[in-house]
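Read the figures in this text as sums done on the coordinates, not as results from a lab. Keep in mind that what you see is a predicted model, and the values were worked out from it rather than measured. No Cβ is skipped: glycine too gets one built from the backbone with ideal geometry, and neighbour counts run over all protein chains shown.
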Amino acid sequence: MRKLTLALLVSTSVTAPALCRAQEKWGLRKCVEYAMTNNISVRQADIDSRMAELTYKQSKSAQYGQWSFSTGLGLSFGYSVDPATNTFISTDFLYQSYTLQGGANLFNWFSQRRLIESNKYTFMAQKTNIDKVRNDVALNVAAAYLTALAARQQVDIGVAQVQLSRDQLNNTRKLVDAGSQPELNAAELEAQLASDSASLISAQATYDQDVLQLKATLSLDAAYPFILDTPAVETIPVESLGELQPDVVYSLAEKTFPQSQLNEYRIQAADKAYASARAQLYPTLQVFGSLGDRFSNTLQRPGTPKLAGIDTTGYFVYNNGVVNNVLAPNYSYGYVKNSFGQVWQGYWNQLDQNFGQQVGIQLNVPIFNGNLARTNMRKAKLSIRSAELQKESDLLTLKQNVYQAYSAAAAALQRYQANVKALTTAQTSFDLASKRYGIGLLNTIDYITNQNNLFKAKVNLLGSQYDYVFKMKVLEFYKGQGVKL
């Protein structure tokens, strides 16, 4: 897949991207580069990709089975089985056991292999999703940047308008003081200056809000010092609308947009998941093995023997014709507790004698498990269809967006051309009104009306020009050229 990248060309040079210098201006390239690293959506997509990668790697490791080692140390009381001799005893004893066991699938109808492939495609889809999110963020940054740029230009127009009204008021005040114009003319211009100042304050507030919105899109702290780079809108390159026909743009977008490759990966992942689920209906052959060892030692041992009495043995001897019963001494041993060191006597010898091994093959045949395996298979098959429908829906949405973007760009171009003519007419009218006002042939109200018409025409032209530029940049974006400023 050819990854879609954002080509950003700015008319002014951008210095080093370090954020420590508040005086550095933020152009579109710098804004996008910062967003690619710090935007929360991009960072979340990166985390999702890493999690999918871990799942993929874990499924690969599962091929080697499961192995575990355990050991336990315990103290037994009363009647129990001695783990070393496997006999019942009623003596307290200390014991310890060691076990190493494991197993792995020899054959399971490729279920594990298909699961690995499914996780692989899921991981590739999540990696592609990062490109998709970056593209979306880049377009959002471009929109926010152009909106703030337009607001900045309106502030500049407002400043020029206030200065024009102030200069005209000063000239009129001099004429009023000289007695050549009435006081009413100065009062009307003072009202106009106040109105222009209010418009300037409103434009500045709009610009500040747009800058905050741009910071939010960048995931930049709202309190961070920010100076917007303001290239003239006339310097922004725009392709001809005739070169961006919607059918051509859609054909390119279908091939280059990450969303298309993302959907393909998801379909393949769903297909492999279905194959893995289907294999769960068949028998599984496994190999297993274990190593074990154990030790136990009673906590009591026989004590010193003591003579308890003389017992007959049941044996007889003849001595000079006399039968004598053979007697034998009866000793009582008793039991004494072992010391700590004596408890572990013979530890290694006993481990050597009790060491055991086990190895085998196990066949598991699924018969009935609540219809779970078959239900999972059917769900997996539906997931394939769901992924295919998602692809179809995304292509329809992409095509609709391209055609809507073309229609919006064509309409924006017409509005811009109309506003160019309106500004030319308003400028001519204002120039004539200024000359007539200067020689006293035009009253102040008519002059102010012409001035306001000119101001409105400039604002409308600026808004329509930025709107047209942005609509064209959206088309260029879908074409796969990125956003160029």
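What is the angle, in °, between the Cα long axis of helix 183-218 and the longest principal axis of the Cα atoms in the chain? Nearest 10 is fine, range 0 to 90.
20 degrees
Give me the orientation-averaged projected area of the Cα convex hull of the stretch 158-289, in nm², one decimal.
Value for the stretch 158-289: 20.5 nm².
If you put +1 on each Lys and Arg Cβ and -1 on each Asp and Glu Cβ, how big is the dipole of the chain around its Cα centre, in Debye rounded to 20?
The dipole magnitude comes to about 1240 debye.
Using Cα positions and a limit of under 17 Å, work out the lysines in reach of K381, with same-chain residues fewer than 8 apart set aside.
K381 reaches K272, K391.
For the chain, restrict the atom set to alpha-carbon positions and state the Rg and Dmax in Å.
Rg, Dmax (Cα atoms, Å): 44.9, 177.
As a test of understanding, state the convex hull volume per residue of the stretch 154-211 from its alpha carbons, in Å³.
49 Å³
Quantify how much of the Cα-Cα distance distribution of the stretch 78-205 extends past 22 Å, in percent.
Roughly 74 percent, once rounded to a whole number.
What translational diffusion coefficient, in µm²/s and rounded to a whole number, does the Stokes-Einstein relation yield for the stretch 64-110 at 37 °C and a viscosity of 0.692 mPa s, taking the hydrodynamic radius as the Kirkwood radius over Cα pairs? Could you put the intermediate results ahead of the total?
Numbers: Rh = 13.4 Å.
Using the Kirkwood radius from Cα pairs, D works out to 245 µm²/s.
With everything on Cα atoms, drop me the angle between helix 28-38 and the longest principal axis of the chain, reported from 0 to 90° to the nearest 10.
Its long axis makes an angle of about 20 degrees.
Please arrange T99, T235 by counting, for each residue, the other beta carbons lying within 10 Å of its beta carbon, fewest first.
Numbers: T99 15, T235 10.
Fewest-to-most Cβ neighbours within 10 Å comes out as T235, T99.
What fraction of the DSSP beta bridges in the chain is antiparallel, stated in percent and rounded to the nearest 5?
95 percent
So for V420, V249, V162, fewest C-beta neighbours within 10 Å to most, what's the order?
Ordered from fewest to most neighbouring Cβ atoms within 10 Å, V420, V249, V162 come out as V420, V162, V249.
Just name one of T397, Q451, V474: the one whose Cα is farthest towards the positive end of the charge dipole of the stretch 360-485 (beta-carbon charges, Lys/Arg +1, Asp/Glu -1).
Towards the positive end, the residue furthest out is T397.
Between 0 and 90 degrees, rounded to the nearest ten: what's the tilt of helix 444-479 against the longest Cα principal axis of the chain?
The angle comes out near 40 degrees.
Looking at the calculated P(r) for the stretch 365-420, what percent of the C-alpha pair distances fall above 15 Å?
The share of Cα pairs beyond 15 Å in the stretch 365-420 comes to 70 percent.
What does the charge dipole of the stretch 183-257 about its Cα centre add up to, to the nearest 20 debye, if the Cβ of each Lys and Arg holds +1 and the Cβ of each Asp and Glu holds -1?
That gives the stretch 183-257 a dipole magnitude of about 380 debye.
Can you sort I201, I367, I439, I130 from fewest to most other Cβ atoms within 10 Å of each residue's own Cβ? Mind dumping the intermediate values first?
Details: I201 13, I367 4, I439 7, I130 21.
If I rank by nearby Cβ atoms, fewest first, I get I367, I439, I201, I130.
Among Q362, G438, G346, whose Cα lies farthest out toward the positive end of the dipole of the stretch 334-465, if unit charges sit on the beta carbon of Lys, Arg (+1) and Asp, Glu (-1)?
So the residue we want is G438.
Using a basic spin-label model with each label point 7 Å from the Cα along Cα→Cβ, how many nm lie between N401 and N364?
Distance between the two pseudo-spin positions: 4.4 nm.
Mind checking which of T99, S41, G289 is farthest towards the positive end of the chain's charge dipole, using Cβ charges of +1 (Lys, Arg) and -1 (Asp, Glu) about the Cα centre?
The one lying farthest along the dipole's positive direction is G289.
Loop only per DSSP, at most 11 neighbouring Cβ atoms within 10 Å: give me the chymotrypsin sites (Phe, Trp or Tyr not before Pro) in the stretch 27-77, ordered by residue number.
Hits after loop and neighbour filter: F77.
Which whole-number percentage describes the relative contact order of the chain, with Cα contacts under 8 Å and a sequence gap of 6 or more?
24 percent
Along its three principal axes, how long is the stretch 374-485 when you only count alpha carbons? Whole Å, largest extent first please.
Result for the stretch 374-485: principal-axis Cα extents of 94, 26, 19 Å.
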